[in-house]
């Protein structure tokens, strides 16, 4: 979910003792959920259902508490924190690199989001001590950076780290200081920190990150691409001359059948790609719901088939879908069905990363399955493929983090995908099953 953020002009250092926090920080009650006795403004750690400055009455106590927290920061640190003039200020995530943030904001422009990290962290989040890390990037994101330190301690070393460097996963640390310096700081995590991951990590990779960067100029990876839209991106795959497959939840809010502004970039690599096309049509699972069902209870509906405005699949090649038969389901039950996956993970940016030779653990009757491929945010809609008679075939599209399932009940979640049984009829109507 993306929250609308109202920028606070000179926030912390502009506060004065003569002006109560509730008056200086919360201006109106124009949100539809105003006056429901729950603070909904994200800048105060509220639900995020309201824009900042639109839930004044409900957030008075939080505004007052927030001013006290800021006033408790030592003066020297407060001066370094600066203001909230960055476009990403008040989004809960610290973006000032001087305080361990992402670097998306200039130093001194993301004060409120960086307050806690600047003093070494605290437990001021309302969900602190609930046994789950709730900070952005390394947890659920409902807490401000540095305000859930106990719950996030096991995964804090991953805060604001990525694998966006072009040489990530090559076995050599390329960050400055400890490595060659070819990469920016914090962008070569797998090589500089290692691949082991604690079970509590939300992007857990089943305890070990087994991904690698793949060559997008080679088949079948050249048929995988970045699906970009106005406020985000997913991964999608060419499965016909003009047809791509992805997840239905990538299309939430646009189920008209005529999506606007969606662009598919096959073989995307940084600013380059092997070819791009506009999306001009869509068939989205008619029974798709964003809520998860119990295992096997109806999760096989997170799929979408999109039509492009040019024959990109003819130019680059496409991956034909494959539907499990009885022998395949037996192989899955016996732990013998091996697959591979590739997608544009959040932490690799516009570099395609993949996990070779992972496994399908369970195939439910509703057309969903649990797998061991190292997928994470950004991999939604990405292909899970297998070699059938020497040909790479599309087995499934990646869907969501799911409730922990055997044999990994100790993990924070398991990985669920929608296999082609769930949309075989739609594939036949589109001429993609032969």
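Can you tell me how many residues in region 242-268 are at pLDDT 95 or above, more than 27 Å from residue 292 (Cβ to Cβ) and either part of a loop (DSSP other than H, G, I, E, B) or in the same structural domain as residue 418 (by TED's automatic domain parsing) (or both)?
3
Restricting to region 35-64, give me the number of residues that are part of a loop (DSSP other than H, G, I, E, B), out of contact with any helix residue (DSSP H, G or I) (no Cβ under 6 Å at 6 or more places or on another chain) and free of Cβ contacts under 8 Å to residues at least 60 places away in the same chain.
Within region 35-64, residues that are part of a loop (DSSP other than H, G, I, E, B), out of contact with any helix residue (DSSP H, G or I) (no Cβ under 6 Å at 6 or more places or on another chain) and free of Cβ contacts under 8 Å to residues at least 60 places away in the same chain number 17.
Which of the residues spanning region 113-152 are in contact with a helix residue (DSSP H, G or I) (Cβ under 6 Å, 6 or more places away or on another chain) and assigned to a helix (DSSP H, G or I)?
114, 117, 118
Please pick out the residue among 352, 305 that is at pLDDT 95 or above, under 19 Å from residue 276 (Cα atoms), touching a helix residue (DSSP H, G or I) at 6+ places or on another chain (Cβ under 8 Å) and not assigned by TED's automatic domain parsing to the domain that holds residue 374.
None of the others qualify; the one that does is 305.
Hey, residue 363 hits all of (1) touching a strand residue (DSSP E or B) at 6+ places or on another chain (Cβ under 6 Å); (2) under 30 Å from residue 136 (Cβ atoms) but one; which does it fall short on?
(2)
Go through the residues of region 231-241 one by one and say whether even a single one is farther than 20 Å from residue 352 by Cα, assigned to a loop (DSSP other than H, G, I, E, B) and at pLDDT 85 or above.
yes
For residues in region 280-300 being in a loop (DSSP other than H, G, I, E, B) and touching a helix residue (DSSP H, G or I) at 6+ places or on another chain (Cβ under 7 Å), which is farthest from residue 421 (Cα to Cα)?
Here the answer is 290.
Output the number of residues of region 195-221 satisfying the condition of being in a loop (DSSP other than H, G, I, E, B) and touching a residue at least 60 places away in the same chain (Cβ under 8 Å).
Residues meeting the conditions: 13.
Take the residues of region 241-268 that are surrounded by fewer than 24 Cβ atoms within 10 Å (Cβ to Cβ) and touching a helix residue (DSSP H, G or I) at 6+ places or on another chain (Cβ under 6 Å): which is nearest to residue 432 (Cα to Cα)?
241
Pick from region 130-161 the residues that are crowded, with 20+ Cβ neighbours inside 10 Å and touching a residue at least 60 places away in the same chain (Cβ under 8 Å): which of them is farthest from the chain's Cα centre (by Cα)?
Taking the candidates together, the pick is 147.
Restricting attention to strands (runs of 3 or more DSSP E) lying wholly within region 332-403, give those where 2 or more residues are under 17 Å from the mean Cα position of the chain (by Cα) and buried (at least 20 other Cβ atoms within 10 Å of the Cβ).
Counting at least 2 such residues, we get 338-343, 353-363, 391-402.
The values are calculated or read from the model by the stated rules, or taken from the named source; none is laboratory data. Every value quoted in this text rests on a predicted model; they were computed, and no experiment measured them. Cβ sites come from the backbone with ideal geometry, for glycine too, and all protein chains shown count toward neighbours.
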